[in-house]
Amino acid sequence: MVPIMADLQLTDDVPPVADDGVWLACIECGETFAPFDAIRYTCDDCDGLLEVRYDDLPTFDEFEGSGVWRYNAALPFEEGVTLPEGDTPLHEMPRLKDDIGVDALRVKHEGMNPTGSFKDRGMTVGVRVAQEVGVDRLACASTGNTSAALAAYGARGGMETLVLLPAGKVAAGKIAQASLHRARILEVDGNFDQCLDIVQDLAARGEAYLLNSLNPFRLEGQKTIGLEIMEEFYADNGEYPDRIVLPVGNAGNTAALYKCFRELVKAGAITEDQVPKLTGVQAEGAAPMVEAIENGYEDTRRWEDVETRATAIRIGNPVNAPKALPGIRETGGTAVAVSDEEITAAQRDIAGEGVGVEPASAASIAGLRKLRREGEVDSDESVVCLTTGHLLKDPEAAAEAGNEPEPVANSTEAVLDLIEEPSSVTDTVRRQVSKATDAPLVPALVAGGLGVAYLYRKFLSKK
Ligand code: F0G
């Protein structure tokens, strides 16, 4: 076990800088700061990551209402700039559960937030803090979802928003959202990590208030994902889930969930052995967290070249790694990389149960399937997979993964002719092939053979 350098212990000592029981603490050197007296994102002394701390941590019976602000006893404000957000479904996935082979499987679909991703939970708190510290221009770097959420919440709060996006690498739905919510959109000839470097520079020069997940207040909102999962899973099952599997990009959510669990343990709401194992999934082409877990690194090493179809997690320098790596290790979780093909197959699998998610979200199911196959996840485990963004965020990826529309002549006869044929042969073949990663090759080949036979018959009938 690697020694944990970051100090993530929650102490009972309330520093004199605390304002109404809230303060900021550096996770590297322990320095504390008043929460709202100045704008800072990292430690003044050592540049370490900051964490929001409270003198009083609530148990479950102190929560009331719904959505993110149900949990205001665990947040720095009573209410925020709201649309409203949170209270997302925890879907059962009966067929997928049997197929993957676990005792229980739920999908927490964060795509059901107002702008279609979990980022709304962070923004409802983050934009409220922006009002508190008195800024008028908000900014972020983004692979897309953060920019959509920032634009919407900024608009709601009456503030100007500036978003820096990696040119050509952001899905259409996300740009459309940022654009219509009146963000100023700058497309940078570079990747997400380079956009974030620039936004951090702008923020350091006082040009804008940074609302990436480096901002510790955003993670406060995102920790409510964990609170909802724990409450709802317990209400349905009488116990907490053994494991939470989530896609990882900048590792903000991983850090936020770990904070949620540390606070619940400190409050006495759960015991340490009730903390779910945090399990991160990255795309093979952008997997610095997996590399760090596998090699026992204290921090990630920046990947300069990243590529994946799951553009939301096309990230090579996860800024929250110092908070997230201990979270994965201390909870007994792990991290795994999946291929783009596995991500696409998982996107289809989830869609087959009626739930539409974008590629990055499907990484959680792809990762679970892989870990189960490798025996890292046991068949008796209860698992919650986080799906972070809605299918419509990336319509192009959905169309590529889904069935091809079939042209047909304008007559009932022609439609009848067509639907008499085995409907979507390409789809059946594709499904079998997508499962070939764990299913024996034979059924896939048989299905493939049937597909070829069908196409040949069609070819003959046309002659
Ligand atoms: N899933 C989706 C759909 C995302 O948009 C992101 C991050 C993640 C997962 C990864 O979450 O960063 O907390 O580990 N998207 C950011 C953005 C980077 O700019 O929208 P994380």
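The values are calculated or read from the model by the stated rules, or taken from the named source; none is laboratory data. In this text, all values refer to a predicted model and were calculated from it rather than measured experimentally. We place every Cβ from the backbone using ideal geometry, glycine too, and count neighbours over all the protein chains shown.
Numerical summary
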read-out	value
Close pairs from segment 21-47: first of a type in the set (Phe, Trp, Tyr), partner assigned to a strand (DSSP E or B), Cβ under 6 Å, at least 6 apart	23/32; 23/53; 33/24; 41/210
Whichever residue in segment 229-252 is within 16 Å of the ligand (Cβ to nearest atom) and assigned to a helix (DSSP H, G or I) and, among such residues, is farthest from the chain's Cα centre (by Cα)	229
Matching entry among 363, 312 (being in the same structural domain as residue 298 (by the TED database), surrounded by 24 or more Cβ atoms within 10 Å (Cβ to Cβ) and in contact with an Asp or Glu (Cβ under 7 Å, 6 or more places away or on another chain))	312
Test: residue in segment 262-279 that is in a strand (DSSP E or B), more than 10 Å from the ligand (Cβ to nearest atom) and within 18 Å of residue 142 (Cα to Cα)	no
Those residues of segment 338-349 which are more than 14 Å from residue 373 (Cβ to Cβ) and within 17 Å of the chain's Cα centre (by Cα), in sequence order	340, 343, 344, 347
Hits in segment 305-326 - residues which are more than 13 Å from the ligand (Cβ to nearest atom) and in contact with a helix residue (DSSP H, G or I) (Cβ under 8 Å, 6 or more places away or on another chain)	326
Pairs, first without any contact (Cβ under 8 Å) to a residue 60 or more places away in the chain in segment 103-116, second of a type in the set (A, V, I, L, M, F, W, C) and more than 16 Å from the ligand (Cβ to nearest atom), C-beta under 8 Å, six or more apart	114/83
Residue in segment 342-357 that is touching a residue at least 60 places away in the same chain (Cβ under 8 Å), more than 16 Å from the ligand (Cβ to nearest atom), closer than 25 Å to residue 240 by Cα and buried (at least 24 other Cβ atoms within 10 Å of the Cβ) present	no
Scan of segment 129-151 for residues that are assigned to a helix (DSSP H, G or I), crowded, with 24+ Cβ neighbours inside 10 Å and more than 12 Å from the ligand (Cβ to nearest atom), ordered by number	129, 130
Failed condition for residue 329, given (1) within 30 Å of residue 194 (Cα to Cα); (2) within 15 Å of the ligand (Cβ to nearest atom); (3) part of a helix (DSSP H, G or I)	(2)
Test: residue 255 is assigned by the TED database to the domain that holds residue 66, within 14 Å of the ligand (Cβ to nearest atom) and either more than 15 Å from residue 71 (Cβ to Cβ) or surrounded by 24 or more Cβ atoms within 10 Å (Cβ to Cβ) (or both)	yes
Residue, surrounded by the fewest Cβ atoms within 10 Å (Cβ to Cβ), within segment 26-55, restricted to residues that are out of contact with any Cys (no Cβ under 9 Å at 6 or more places or on another chain) and hydrophobic (A, V, I, L, M, F, W, C)	38
Lone unmet requirement of (1) surrounded by 24 or more Cβ atoms within 10 Å (Cβ to Cβ); (2) free of Cβ contacts under 8 Å to residues at least 40 places away in the same chain; (3) within 12 Å of the ligand (Cβ to nearest atom); (4) not in a strand (DSSP E or B) for residue 163	(4)
Odd one out for residue 370, checked against (1) within 16 Å of the ligand (Cβ to nearest atom); (2) out of contact with any Lys or Arg (no Cβ under 8 Å at 6 or more places or on another chain); (3) of a type in the set (Lys, Arg)	(1)
Single match in 95, 121 (criterion: touching a residue at least 40 places away in the same chain (Cβ under 8 Å), within 16 Å of the ligand (Cβ to nearest atom) and either among the basic types (Lys, Arg) or assigned to a helix (DSSP H, G or I) (or both))	121
Verdict on residue 235 being among the hydrophobic types (A, V, I, L, M, F, W, C) and either touching a Gly at 6+ places or on another chain (Cβ under 7 Å) or without any contact (Cβ under 8 Å) to a residue 24 or more places away in the chain (or both)	yes
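Results for (1) within 28 Å of residue 231 (Cα to Cα); (2) not in a loop (DSSP other than H, G, I, E, B), shown as yes or no for each residue.
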{"site": "30", "(1), (2)": "no, no"}
{"site": "35", "(1), (2)": "no, no"}
{"site": "39", "(1), (2)": "no, no"}
{"site": "44", "(1), (2)": "no, no"}
{"site": "47", "(1), (2)": "no, no"}
{"site": "51", "(1), (2)": "yes, yes"}
{"site": "58", "(1), (2)": "yes, no"}
